[in-house]
Structures are given as structure tokens and as C-alpha cells.
1. For residue 109, which sequence-distant residues (separation of 5 or more, or a different chain) have an amide H within less than 5 Å of its own amide H, given hydrogens modelled in the peptide plane?
2. What list of ³J(HN,Hα) values in whole Hz, one per residue of the range 170-183 in order, does the Karplus curve 6.51 cos²θ - 1.76 cosθ + 1.60 (θ = phi - 60°) give from phi, with Gly and Pro shown as x?
3. Between 0 and 90 degrees, rounded to the nearest ten: what's the tilt of helix 8-22 against the longest Cα principal axis of the chain?
4. One quarter of the convex hull surface, Cα atoms only: what value does that give for the range 238-288 in nm²?
5. Got a sec to turn the phi values of the range 70-76 into Karplus ³J(HN,Hα) couplings, 6.51 cos²θ - 1.76 cosθ + 1.60 with θ = phi - 60°, whole Hz, x for Gly and Pro?
6. For the range 2-92, what % of the accessible area comes from carbon and sulfur atoms, probe 1.4 Å?
7. For residue 162, enumerate residues with amide H under 5 Å from its amide H, sequence gap 5+ or separate chain, H modeled in the peptide plane.
8. Using a 10 Å cut-off on Cβ atoms, rank the peptides 101-114, 150-163 from the highest mean neighbour count down.
Amino acid sequence: EKLEEGLDKTRDSFFGKLDRMVRGKDTVDAEVLDELEEILITSDVGVDTTLDIIDHVEARVAQDQYVSAQELNGLIRDEIARLMLEGSEERPADFDAPLPNQPHVIMVVGVNGVGKTTTIGKMAHKYRQAGKSVLMGAGDTFRAAAIEQLEIWADRAGVPLIKQKHGADPAAVAYDTIEAAEARDADVAIVDTAGRLHTKGGLMDELAKMKRVMGRKIPDAPHEVLLVLDASTGQNALRQAEEFIDSVDVTGLALTKLDGTAKGGVVIGVSHQFQVPVKYIGVGEAVEDLQVFDRKGFVQGLFK
Ligand code: GDP
């Protein structure tokens, strides 16, 4: 429900444009396809994904000879559902599903401001609610306020936080965190990381080192590398995804701030363009405002 509400703006913006575009037109011709392309691109679906959708719509139009402008709406819906659902593995595991490792180590990456701290806090809360023991690691030792902010979320979720001083080696914090998780028999260890944009090369090296050091303590750790993206930044989110996915082995995405943005189309683009599943979506600032991503639900919400 919160997701449907959250998608209101995206839906209104996208279908508003589509409706205005097809008004007064009686067939899908090259001009309509051009306009459709522009609508998709300006809805933050991303260029590659837009071209893929246009190709398929064009093929369908050619095949069916005549497609009325009104039918275009249904065609687009089919195409987006196809794109999003194709090759779709099962829905990501719910928080109460059994975890494949103990401790299950999750490293959370992303640029400052995207909602990394909030997402970690929400995840810790959800795992706790599901009866799992959680430990957090304050791996962003670079930003002065990062440790205190994470501490607030740790308290809120009722989980311990492993931390060192501001400026400490983030790899050492990561190591301490999973060592403590092992010692305490924790089910889940969630490790925060820095997200400074400048000195990007430095950041990617730092993340690689954290991963290496964790792997020395527990051979397959981190078991998940979750990239947090702010959906309300549209194309920026796609660019950040590209950079992180190129440098770190990202295993899943969390898209935040889907409430109240008209740029929800970005979810379609990231799911299609990168071979990385969207696992979670953030639909608000409160601790319960994190949902396990359900593609079918998303497509339905977009076209309700
Ligand atoms: P970080 O710098 O990546 O750790 O970002 P924070 O977790 O501190 O979040 C930055 C801002 O985004 C805060 O004001 C959060 O309340 C807000 N935020 C995070 N997730 C969401 C979300 O899903 N929806 C909304 N509306 N705000 C969010």
C-alpha cells in the first residue's frame, strides 16, 4: 500500500505524458514511437532499457499491422512487465527466511546521502523482528558524524554496534565486526562503509580491502554486498550503479526514497540494465519503511 502510494507520482507523471501523447492519434507510427522514446527517457527508465522497449513495441506494431494509439498503453505495460519479469529469479528472501550462513555478513555500500545508514537501521530492525540476532559495524570511519548516526539506528533497532574511533582503519572495523559476530553467535552482521564521492579511486580500494580482510576471517564473507541507491536522483542512481558494480562485486540493490518521487522508472532501468537484483526498496524515513522488493507488485503498482 505504501508502495502504491509511493508510486503515485511516477505513475501520474508517466501515464499523464503517455495519455497526452496518444490523444487525437489513431495509430502507432514513427512519430508516436519517437515521442514514446522521449517519455521513457525522461521517466528515468534509462537509455538502454528505453531502446529495448521501443524495439519490442515496434516489432509488435509491425507484426499486428494496426495498433491503435489506445492499445499502446497496454503494449507498454506488457513490455515493462516482460523486461522486469524476464529471467527473474524468485522474489528476494524475506527477513524471516533462514539465512545460508552464520553469521550472514552483509556489506552495505553507496554514496553519502543515498540512505545507507537508514537502510542499515531498517534492515537490522526487520531482522530483529524476525527473531534474528544482529550486529552492526561502523565501517564509515571517514565521515565525522557517520558513527554517531549509525549508533542512533543501532539503539533504535536494539542491536550492538562495533566501532572504533573516527579515522580508524575501516578494514579493521569490518574484521572486528565479524569476529564479534562469530564470538557472539550472531545471525547477521551488517557492515557500513564510507560513501565519499571525492577520492573515488581511494574509496573503491578501501571497499576492496575491507572485503579482502573480511574474507580472511570468514572465507566467503561478505556474503552480500548491498548497493544503496537513491531512486529520487534518477539518472544519477544509474550512473552510481554502473561505477560501484564495475569496481565492487555488488550482489544486490536497495533503492531508497521511492516514496514521493516521480522517478520510480529508475527501478525498471536498474533491474534491466544490470545483472543485479533489486532486493529492497525504501518507502519512507521510519524504521519500518523498508520492503523486500517484489517485481510483480511493483509492476502492478505502476499500472494499477
Ligand atoms: P547516508 O548518508 O547514505 O547514510 O544517508 P542517510 O541514511 O543518513 O539518509 C539521508 C536522508 O535520506 C535522511 O534524511 C533519511 O531520513 C532519508 N531517507 C533514507 N531513506 C529514505 C526513504 O526510503 N524515503 C525517504 N523519504 N527518505 C529516506
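1. For residue 109, the qualifying residues are 226, 227, 228.
2. Once rounded to whole Hz, the list reads x, 5, 5, 5, 4, 4, 4, 5, 7, 5, 5, 4, 5, 4.
3. With both axes taken from Cα atoms, the answer is about 20 degrees.
4. Values: hull surface 15.3 nm².
Mean shadow area of the hull around the Cα atoms is 3.8 nm².
5. In residue order, the calculated couplings are 5, 5, 4, 3, x, 5, 4 Hz.
6. Numbers: 2280 of 4790 Å².
The nonpolar share, carbon plus sulfur, comes to 48 percent.
7. Amide H neighbours of residue 162: 136, 137, 138.
8. Numbers: 101-114: 22.3, 150-163: 18.2.
Ranked by mean Cβ neighbours within 10 Å, highest first: 101-114, 150-163.
The values are calculated or read from the model by the stated rules, or taken from the named source; none is laboratory data. All values derive from a computational prediction rather than experimental measurement. Neighbour counts run over all protein chains shown; Cβ positions are idealised from the backbone, glycine included. These accessible areas exclude ligands, DNA and RNA; they are computed on the full protein's heavy atoms, side chains included. Shrake-Rupley method; radii C 1.70, N 1.55, O 1.52, S 1.80 Å.
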